[in-house]
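**Q** The following block contains the structure, expressed as structure tokens.
The values are calculated or read from the model by the stated rules, or taken from the named source; none is laboratory data. In this text, all values refer to a predicted model and were calculated from it rather than measured experimentally. Neighbour counts run over all protein chains shown; Cβ positions are idealised from the backbone, glycine included. We work out accessible area using only protein heavy atoms, side chains counted, and drop any ligands, DNA or RNA first. Shrake-Rupley method; radii C 1.70, N 1.55, O 1.52, S 1.80 Å.
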Amino acid sequence: MSILTVSEQSLRAKGVSAPTRDPRRSVPASWRDVTAGVGWFLVLFVVALWVAGGGLSAFGSLGESMTNLGRLTGLVASVLLLIQMFLIARIPLVEQAWGQDELMRVHRLVGFTSFNLMLAHIVLTIVGYNTGLGFIGTFLDQVLNAPGMLLALGGTVALIMIVVTSLRRVRTRLRYESWHLLHLYAYLGAGLALPHQLWTGADFLSSPAATVFWWGTYAASLAAVVTFRVVVPLVRSRRHRLVVSDVVAESPTVTSVVLTGRALDRLPVRAGQFFTWRFLDGAGWTRGHPYSLSAAPDGRRLRITAEAAGDGSSCLTGLRPGTGVLIEGPYGRLHAGVKTQRRTLLVGAGIGITPLRALLEDLPPGPDETVVIYRVGSRDDMILRDELLELAAAKGARLVAVVGHRNPERHSWLPVEAGALGDAEALARIVPDIAQRDVFICGAPRWMQIVAAAAREAGAPDEAIHQERFAW
Ligand SMILES: Cc1cc2nc3c(=O)[nH]c(=O)nc-3n(C[C@H](O)[C@H](O)[C@H](O)COP(=O)(O)OP(=O)(O)OC[C@H]3O[C@@H](n4cnc5c(N)ncnc54)[C@H](O)[C@@H]3O)c2cc1C
């Protein structure tokens, strides 16, 4: 293993001052509990409505009990579907409290739970109704004769398609764009389920409280999606009028794009965050791609640095100065505002160094206050190498490049050259005071998991570990 270190010695000589806490406001971690509490409240409120509507006393014959349970599962499935809408609406407080990675994990969990409950609702209701026509006969009878049921069937088919294409094995075979396009049918699924709840769902209209609750929650979820996914990005893009000002080839496969715009000092973005970018350079502009800022925003320019991974990222090299850009964001919790400790460890691999490079710029200076571990296959793979060295020197940070090939024998964040050195042991050797540092990690998802586990084992507290995956 080859290690390149910029030591703090040179910086002590420069008399760099002690770091202070970042004064800028960020969403407190407690908002995570508050928003989770709101989600649980919505679910419990629905169960309470079911109880108030006589749910507990409606268990009689097998058929009645099945129908009653079918009502409950249908109601909880519906409210979970609406919670899904809030989760993907990118409501700033929710997004900043949870971060994209965690939101995506919760979104997946809530989505699959809602789907399973919806299937249970369908089966329990059909078995409970038992019209004497058998399961298929009762199903067809309901679909064809009960109001709103044909639409609900359409919604169910849309949701089945989304769930099937979200299964890991299927998803990896689909292009991201195709998967994402199919995923938009979730809105259709939720919308088509509404009429059958209104026309046949006694629980929906059983009391003024139920009516206000359901209409209010549907309206609020729709308003959240439209506001934060459509209106705010359009207004922000229009206000700042970003255009490409420069395109720089960092290596044969990595390109930096510099952007300028109006009033960028008023764009509420922090170093380490990312936007979803849409470059208005012709066909394909509708497909947004998330890229992190690779330099701290200075109020005049923004910069991203991207590796050619497919069609979208490969097109960046061909962007012409003056090309307009639409942005969604900023998003992500990989910024100094989430820090819980004074000192910092930044651990990045490959292109994952980009947000950490920006973050380093934003962190307070001081001898060894920040340690940067940069994992690369070879020295030539070090993206933004000269900048990093200069920045580390200016900040008093220690830059440790861990160079070498992946170990084919074991899952490790270390290269094969590190031999039998343990993952946590290596981290603790490089950063003995890791337990007193915030640890920011960015790179390939599997590699990040290993680094996070090693950091925990080496003593870093859970709340001090912050991650941004470059894939959802
Ligand atoms: C939060 C975040 C920040 C990122 N920051 C950077 C960065 O600073 N520099 C960089 O080089 N790369 C970054 N990426 C990865 C980058 O977004 C993808 O490499 C790029 O979108 C690939 O698109 P493509 O058309 O070139 O390739 P494709 O062949 O379409 O996709 C290749 C892979 O990239 C992922 N991907 C594609 N489109 C998206 C999308 N819209 N949203 C999420 N994942 C997608 C998928 O996993 C897909 O399998 C980031 C990703 C995320 C999620």
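**Q** Which log10 I(q)/I(0) values, to two decimals, does segment 42-195 give at q = 0.17, 0.21 Å⁻¹ under the Debye formula with one point per Cα?
**A** Each listed q maps to, in turn, -1.06, -1.38.
**Q** Relative contact order for the chain: what percent, with Cα pairs under 8 Å and sequence separation of 6 or more?
**A** Numbers: 819 pairs, mean separation 81.6, N = 472.
Computed value for the chain: 17 percent relative contact order.
**Q** Can you list the trypsin sites (Lys or Arg not before Pro) in segment 251-300 that are in a DSSP coil and have 13 or fewer other beta carbons within 10 angstrom?
**A** Working: sites: 262, 266, 270, 278, 287, 300; in loops: 262, 270, 287, 300.
When the trypsin sites (Lys or Arg not before Pro) of segment 251-300 are filtered for loop state and at most 13 Cβ neighbours within 10 Å, 262, 300 remain.
**Q** Sorting check: for 348-354, 105-111, 121-127, which peptide has the highest mean count of neighbouring beta carbons within 10 Å, and how do the rest follow? Spell out each step's value before the answer.
**A** Working: 348-354: 25.0, 105-111: 16.7, 121-127: 19.6.
The peptides rank, most packed first, as 348-354, 121-127, 105-111.
**Q** Give me the angle, in degrees from 0 to 90, between the Cα long axis of helix 100-129 and the longest principal axis of the Cα atoms of the chain, rounded to the nearest 10.
**A** The answer is roughly 10 degrees.
**Q** Work out the length of the dipole vector of segment 30-228 about its Cα centre, built from +1 on the beta-carbon of each Lys and Arg and -1 on the beta-carbon of each Asp and Glu, and round it to the nearest 20 debye. Intermediate values should be presented prior to the final figure.
**A** On the way: 10 positive and 8 negative charges, 121 e Å.
About 580 debye.
**Q** For the pair residue 444 and residue 102, how long in nm is the line joining their label points, each one 7 Å along Cα→Cβ?
**A** Here the modelled spin labels are 2.7 nm apart.
**Q** With angles folded into 0 to 90 degrees, how steeply does helix 385-395 sit against the dominant principal axis of the chain? Use alpha carbons for both and round to 10.
**A** Orientation of helix 385-395: about 80 degrees from the principal axis.
**Q** By DSSP, what percent of the beta bridges with both residues in the chain are antiparallel, rounded to the nearest 5?
**A** Details: 30 of 53 bridges.
Antiparallel: roughly 55 percent of the beta bridges in the chain.
**Q** Search the structure for amide H atoms under 5 Å from the amide H of residue 400, placed 1.01 Å from N in the peptide plane, and list their residues when 5 or more places away or on another chain.
**A** Amide H to amide H, under 5 Å and 5 or more residues apart or across chains, residue 400 pairs with 372, 373, 374.
**Q** Which of rounded, prolate or oblate describes the chain when judged by the alpha-carbon gyration tensor and an a/c cut-off of 1.5? Don't jump to the answer; show the numbers that get you there.
**A** Details: a/c = 2.23, a/b = 1.95, b/c = 1.15.
Because a/c hits 1.5 or more and a/b exceeds b/c, the chain counts as prolate.
**Q** Run the numbers on segment 30-228 and let me know its relative contact order in percent, using alpha-carbon pairs under 8 Å that are six or more apart.
**A** Details: 193 pairs, mean separation 50.1, N = 199.
With pairs under 8 Å counted, the relative contact order is 25 percent.
**Q** Once R0 is set to 60 Å, what does the formula 1/(1 + (r/R0)^6) return for the Cβ-Cβ distance between residue 145 and residue 239, expressed as a FRET efficiency to the nearest 0.05?
**A** 0.70
**Q** Can you compute the helix-only [θ] at 222 nm over the chain? Use -39500 (n - 2.57) per DSSP H run of at least 4 residues, normalise by all residues, nearest 500 deg cm²/dmol.
**A** Numbers: 18 runs with 229 residues, N = 472.
Result for the chain: -15500 deg cm²/dmol, rounded to the nearest 500.
**Q** Ok, one more. Could you derive backbone 3J(HN,Hα) for segment 315-328 from the dihedral phi with the Karplus parameters 6.51, -1.76 and 1.60 (θ = phi - 60°), listing whole Hz in sequence and x where the residue is Gly or Pro?
**A** 6, 4, 4, x, 5, 9, x, x, 5, x, 9, 9, 10, 10
**Q** Carbon and sulfur together cover what percent of the accessible area of the chain at a 1.4 Å probe radius? Walk me through the numbers on the way to the answer.
**A** Values: 13730 of 22250 Å².
Roughly 62 percent of what the probe reaches on the chain is carbon or sulfur.
**Q** Mind pulling the angle between the C-alpha long axis of helix 445-457 and the longest principal axis of the chain? Nearest 10 degrees, somewhere in 0 to 90.
**A** The angle comes out at about 70 degrees.
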